[in-house]
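> Structure provided below as structure tokens; questions to follow.
Computed from the coordinates by the stated procedures, all read-outs in this text should not be read as laboratory data. Everything numeric in this text was worked out from a predicted model, so none of it was measured. As a convention, Cβ positions derive from the backbone with ideal geometry for all residues, glycine included, and neighbour counts pool all protein chains shown.
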Amino acid sequence: MSNSKYDFPHTDFNYIYKDYENVLKITEDTIEGLLALHECESRSVPFYLKEDEKDILNTLPINWRTNIITENNIAPTEIRIVVYNLYWNAERLINITNIAPILTCKPIGAIFMIIDDISILESENEESSNFMELIKAEGYSPIMILVIPGASFNKNYGLFNCHNTSELIKYLGELS
């Protein structure tokens with residue numbers, strides 16, 4: 001049984017991200033544009049913490065398989081900006097009758113893993129497109145901005161509240 005404080009996959013991570021080749025082109029207007037995109041185009045996926053991965057994977061039904069991607073695929077000279085909010089308590093419709101899904105998990109930032117893709121053979125379940133469908137999410141969920149510099153920057157990620165873009169711009173200036 002998992003030692004985690006949440007019930008995976010009944011979690012929700014709403015996000016958008018964009019990679020930038022030139023840190024100098026990222027302005028407050030750029031950030032405002034990403035925040036607007038998050039509001040209307042974000043993806044909603046289950047997530048877990050990397051530190052809980054072993055426990056989480058051990059609690060999945062026996063017929064579920066996983067494909068764990070460990071690399072974040074950010075080019076060494078690029079910067080990824082992720083705008084997200086998350087819910088530790090979400091309700092998902094999970095139909096596990098007679099199916100064997102393959103969950104593709106990938107990192108978002110330094111601590112989160114998301115279910116990026118779910119593969120189910122169509123012959124196994126006519127309703128596969130609704131597998132893990134979000135019903136509702138509850139709780140406090142501030143919009144956050146995660147900045148992940150590529151390896152050539154030799155700098156850890158930065159995490160910012162969406163209402164503090166001046167600190168974010170200052171952090172980006174340190175990368176240039």
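> Expressed as an acute angle from 0 to 90° and rounded to the nearest 10, what is the orientation of the C-alpha long axis of helix 28-41 relative to the principal long axis of the chain?
20
> Related question: To the nearest 10 degrees, how steeply does helix 165-175 sit against the main Cα axis of the chain, on a 0 to 90 scale?
80
> While we're on this one: Along the charge dipole of the chain, Cβ charges K/R +1 and D/E -1, which of Ile74, Ser44, Asn156 sits furthest on the positive end?
The residue sitting most towards the positive pole is Asn156.
> What is the extension gain from Lys136 to Asn156, computed as 0.36 nm multiplied by their sequence separation minus the C-alpha to C-alpha distance, in nm to one decimal?
On the way: separation 20, 0.36 × 20 = 7.20 nm, distance 3.32 nm.
Extending this stretch completely gives an extra 3.9 nm.
> For a quick check: with amide H placed at 1.01 Å from N, whose amide H comes under 5 Å from Ile108's, ignoring anything fewer than 5 positions away on the same chain?
For Ile108, whose amide H was placed from the backbone, the distant partners under 5 Å are Met113, Ile114.
> Next up: Report the net charge of residues surrounding Leu49, where surrounding means a beta-carbon distance below 15 angstrom and charges are Lys +1, Arg +1, Asp -1, Glu -1.
Numbers: positive: Lys5, Lys50, Lys54, Lys106; negative: Asp7, Asp12, Glu51, Asp52, Glu53, Asp55.
Value of the local net charge: -2.
> Let me ask you something else. Pop the C-beta distance of Trp64 and Lys25 into the FRET formula with R0 = 41 Å and round what comes out to the nearest 0.05. Intermediate values should be presented prior to the final figure.
Details: r = 42 Å, r/R0 = 1.02.
Calculated value: 0.45.
> For the chain, what D do you get in µm² per second when you plug the Kirkwood radius from alpha-carbon pairs into Stokes-Einstein at 10 °C and 1.306 mPa s?
Numbers: Rh = 17.4 Å.
Result for D is 91 µm²/s.
> Residue by residue through the range 48-54, which ³J(HN,Hα) values in whole Hz follow from phi under the Karplus form 6.51 cos²θ - 1.76 cosθ + 1.60 (θ = phi - 60°), with glycine and proline marked x?
8, 7, 3, 5, 9, 4, 4
> If the limit is 25 Å between Cα atoms, which of Lys18/Lys50; Lys106/Lys155; Lys54/Lys155; Lys5/Lys106; Lys25/Lys155; Lys50/Lys170 go over it?
In this structure, Lys54/Lys155; Lys50/Lys170 exceed 25 Å between Cα atoms.
> Full extension from Asn72 to Glu32: what is 0.36 nm times the residue separation minus their Cα-Cα distance, to one decimal in nm?
Numbers: separation 40, 0.36 × 40 = 14.40 nm, distance 2.41 nm.
Gain in length upon complete extension: 12.0 nm.
> What residues qualify as long-range amide H neighbours of Thr66, i.e. H under 5 Å apart, gap of 5 or more or another chain, H built at 1.01 Å from N?
Sorted by chain and number, the residues that satisfy this are Leu103.
> Using a 10 Å cut-off on Cβ atoms, rank the peptides 69-76, 28-35, 12-19 from the highest mean neighbour count down.
Numbers: 69-76: 11.2, 28-35: 14.2, 12-19: 19.1.
So the peptides 69-76, 28-35, 12-19, ranked by packing, come out 12-19, 28-35, 69-76.
> Taking the Cβ of Tyr17 as the centre, find all other residues whose Cβ is under 13 Å away and add up their charges (Lys, Arg: +1; Asp, Glu: -1).
Numbers: positive: Lys18, Arg43, Arg80, Lys106; negative: Asp19, Glu41, Glu78, Asp116.
That works out to 0.
> Where in the range 28-66 does the amide nitrogen come within less than 16 Å of the point 7 Å from the Cα of Lys170, taken along Cα to Cβ?
28
> Placing unit charges on C-beta atoms (Lys and Arg positive, Asp and Glu negative, everything else neutral), compute the dipole magnitude of the chain about its Cα centre in debye, rounded to 20.
Working: 13 positive and 26 negative charges, 98 e Å.
Around 460 debye, computed over the chain.
> So, one more: Per DSSP helix of 4 or more residues, -39500 (n - 2.57); summed, then divided by the residues of the chain. What does that give at 222 nm, rounded to the nearest 500?
On the way: 3 runs with 32 residues, N = 176.
It lands at -5500 deg cm²/dmol.
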